[in-house]
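Asker: The structure under discussion is supplied below as C-alpha cells; questions concerning it will follow.
The values are calculated or read from the model by the stated rules, or taken from the named source; none is laboratory data. If you're wondering where the values come from, they're calculated on a predicted model, not measured in any experiment. Every residue, glycine as well, gets a Cβ built from its backbone with ideal geometry; the counts of neighbours run over all protein chains shown.
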Amino acid sequence: MARAPLLQLTDISLTFGGNPVFEGLSLTIQQGDRVALVGRNGSGKSTLMKVMAALVEPDRGEVVLGAGTQVGYMEQDPDLSDFATLGDFARMGLPETEGYRVEMAAEGLKFDPDRPVATASGGERRRAALARLLAQAPELMLLDEPTNHLDIEAIGWLEDHLKQTRAAYVLISHDRAFLRALTRATLWIDRGEVRRQEKGFEGFEDWRETVWAAEDDARHKLDRKIKAEARWAVEGISARRKRNQGRVRALAALRAERSAQIRRQGTAAMALDSGPQSGKKVIEARGIAKAFGDRVILRPFDLRVNRGDRIAFVGPNGAGKTTLIKMLTGEIAPDEGTVSLGTNLEIAVFDQARAALNPDQTLWESLAGDTDMRVSGRADQVMVRGQPKHVVAYLKDFLFDDAQARAPVRSLSGGEKARLLLARLMAKPSNLLVMDEPTNDLDVETLDLLQDLLGDYDGTVLLVSHDRDFIDRVADTTVAMEGDGRAVTYAGGWSDYRAQRGEDAAVTQVTAPAKKAAAPEKAPAARSGLSFTEKHRLDELPAIIERLEAEIGKLSEFLADPDLYATSPAKFEKASTALSERQAALAGAEEEWLLLEEKAAG
C-alpha cells in the first residue's frame, strides 16, 4: 500500500551569490520516513532543510505540503528575546493541558524550563527549541544537528523518543551512531545533486564508494576517448578533417562535457606533527579532588597517563569533564592531591567553545595574527609545522577558497569554524592533544580523516566527546564522570565501557516497558515464559558473547608476546586487566543466556 506524501519538492533551483546550490531538484518525503540527510560541509544540507520548512524560497520550483501536514523545524539559533523563561518559549502554541509534554522533554534533554532566557546558555536555548518541536508533535520533523550540546544520556533519551514516534523525520547529524540507530533511508547531497537510497545511514559509505567508483570509471573512459579523438585531430590530413567536421565538433562536445563535470570536494589536507617526543610518563595524578562551594566536582581520583595513550572522558554535561582535564594539564589546581606533568610536553588544545577564534577577525587575521604562527616580517605567511607557508595556501588545505580568506570568522558555518580551529592547532608541533568536543559539525569525510590522524599520531590524546562512534574508534581508555564527583576508569572505548557496566541490559529495561504499556496486546509472546524485555535480551546476547570472545582472542594474542612485560609493563598491566574484565563479562553473559534459554524452553 502506497504511503501518503507529506512533502513534495518539484524542480527546485536555488542560487546563492551566483553559484547554483540546487538545479532541478525533486524529492518526496512520505509518512513514516526516517531519513538521514548527509553531505559535505557547505554542500547545502541546512539550506535544503530550510527549503523544506518554507524558510527559504527557491528561485524556481514548487514545494507542496500534504493536506493537513504540520512541519516542525528545529532552529539552530532560536530567537527567545520575547520570552521570560525557556519554558515559556517551549510551550508557545501548546494548549495548556499539553504543557506536560514540555516538562517531559525538558527532563530528558536536561534543561530547566524555569531558567530565565537572559541567563541561559546557547546550548540550553537549543535544547528548549528541540523540546518545543517534540512537544508539538508535528507529522514531519526537520532536525538539524539535534545532538549538538546534548550529553550522551540526553542523546540516548532523544534516540529512544525518535524510535517510538509515529512522525516522519529528516535528520542532519555528525553522530554516526545516532544516524545508524534511527534512519531507514538516506538523502545524499553531492555537488548540487540529491540522490536517495532506501537504506539507512548504515549503508551510506558503501553506497557512496560505489557511486564514486562508477563515476571515476566513466570519467576515465571519457578521458581516453578525448585522447584518442584529439590524436586523430592532430594526425589527420587536412582533407580528412574537412570531410569530418562532425567528428571535430564531437571532440569539442566531449571536451565541453569533461570541463562541465564538477570535481568532488577533496578532504582537508590535515596533518599532525607530534613534535619532540615527551617523556614516557605524561601525567600522574594522585588523589586529586575539586569542589566549587558545596558542589563536589571530583572526589579523590588517581590517573596515570603514559605516552601514546588515547583517553576519552565521558559523562553528563556539568559533571566536570573539562575541569578534570584542566587539572590534569595544570591549568587549574586541585583542592586536594597532586598532579605531576612529564618532561618535554608541548600541549595543543581544541576548545569546544571556539574561544580561540575572534568572530570579528578575518580568517587571514585569525591565522597570521596568531603569535605562535607569525612569520617575522611577512604578513602573508604563517609558520606551519616549522615551515613558512602562504596564508591562502594553508587555508586551501582546509577547504577554504580565496574569497573566504578575507571574510569574517562570524560568517562561517559550525563545520567551517571547526576546520579553522583545526588549522590553527595543526600548524604547531605538539605531543599532547587536548580535544574538547572536536567532532561537532564536522562531516563524515573530515571525521574519518581526523580519526586516522589521531590513530597515527605519536603523541598522547585527551578527548572529551559525546560522539559514541568516534570514542569507539579513537579511545583505548575511558574515564566516566558519574555526576556525583566519582570518576571511574575503564579499559577500551564507549562500547567497552557500556559492556563492563552492563548498560546494554539497563537501556533495554528502560525502553521496553514503555512500548509494552502502550500496546500490551501486541507484546511478542513467541517464546513462552519470557517477558518482552527478556526476549529482547536473549536475542541480543549471542552478538555480545561473540564480540567478547573476539576481544578475548585479541588480548590473549597480544599478551602471548614473551617480551611484552619487559618492554612495556604498563601495556601488559592494562591488557591483563582488560582480559580479566572481558572474561568475567563473558562468563556472566553466557550464564544469563543459559538461564533465559531454559526459561524460554519451559
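Asker: Within the range 28-35, identify whether any single residue is assigned to a helix (DSSP H, G or I), in the same structural domain as Ala181 (by TED's automatic domain parsing) and crowded, with 18+ Cβ neighbours inside 10 Å, and answer yes or no.
Answerer: no
Asker: Let me ask you something else. Assigned to a strand (DSSP E or B), touching a helix residue (DSSP H, G or I) at 6+ places or on another chain (Cβ under 6 Å) and assigned by TED's automatic domain parsing to the domain that holds Asp472: does that describe Ala289?
Answerer: No: the conditions fail for Ala289.
Asker: Right, here's the next one. Return the only residue of Asp370, Asp397, Asp452, Asp402 being free of Cβ contacts under 8 Å to residues at least 12 places away in the same chain, within 21 Å of Gly275 (Cα to Cα) and not hydroxyl-bearing (Ser, Thr, Tyr).
Answerer: From the options Asp370, Asp397, Asp452, Asp402, the qualifying one is Asp452.
Results for (1) in a strand (DSSP E or B); (2) in the same structural domain as Val51 (by TED's automatic domain parsing); (3) more than 25 Å from Asp472 (Cβ to Cβ), shown as yes or no for each residue.
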{"site": "Leu134", "(1), (2), (3)": "no, yes, yes"}
{"site": "Leu143", "(1), (2), (3)": "yes, yes, no"}
{"site": "Glu153", "(1), (2), (3)": "no, yes, no"}
{"site": "His161", "(1), (2), (3)": "no, yes, no"}
{"site": "Arg180", "(1), (2), (3)": "no, yes, no"}
{"site": "Thr186", "(1), (2), (3)": "yes, yes, no"}
{"site": "Ile189", "(1), (2), (3)": "yes, yes, yes"}
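Asker: Looking for whichever is outside any strand (DSSP E or B), surrounded by 15 or more Cβ atoms within 10 Å (Cβ to Cβ) and of a type outside the set (A, V, I, L, M, F, W, C) here; the options are Ser81, Ser43, Ser13. Which one fits?
Answerer: None of the other options fit; the residue is Ser43.
Asker: While we're looking at this one, here's another question. Find the residue count for the range 325-365, including only residues that are surrounded by fewer than 17 Cβ atoms within 10 Å (Cβ to Cβ), small (Gly, Ala, Ser) and touching a strand residue (DSSP E or B) at 6+ places or on another chain (Cβ under 9 Å).
Answerer: 5
Asker: Among helices (runs of 4 or more DSSP H) lying entirely in the range 315-427, which contain 1 or more residues that are in the same structural domain as Lys45 (by TED's automatic domain parsing), modelled with pLDDT of 90 or more and under 30 Å from Gly493 (Cβ atoms)?
Answerer: none
Asker: If you don't mind, there's one more thing I want to ask. Can Glu551 be described as exposed (fewer than 15 other Cβ atoms within 10 Å of the Cβ), under 32 Å from the mean Cα position of the chain (by Cα) and either under 22 Å from Thr489 (Cα atoms) or not polar (S, T, N, Q) (or both)?
Answerer: no
Asker: Can you say whether Gly72 is without any contact (Cβ under 8 Å) to a residue 60 or more places away in the chain, crowded, with 18+ Cβ neighbours inside 10 Å and outside any loop (DSSP other than H, G, I, E, B), as far as the supplied structure shows?
Answerer: For Gly72, the condition - without any contact (Cβ under 8 Å) to a residue 60 or more places away in the chain, crowded, with 18+ Cβ neighbours inside 10 Å and outside any loop (DSSP other than H, G, I, E, B) - is not met.
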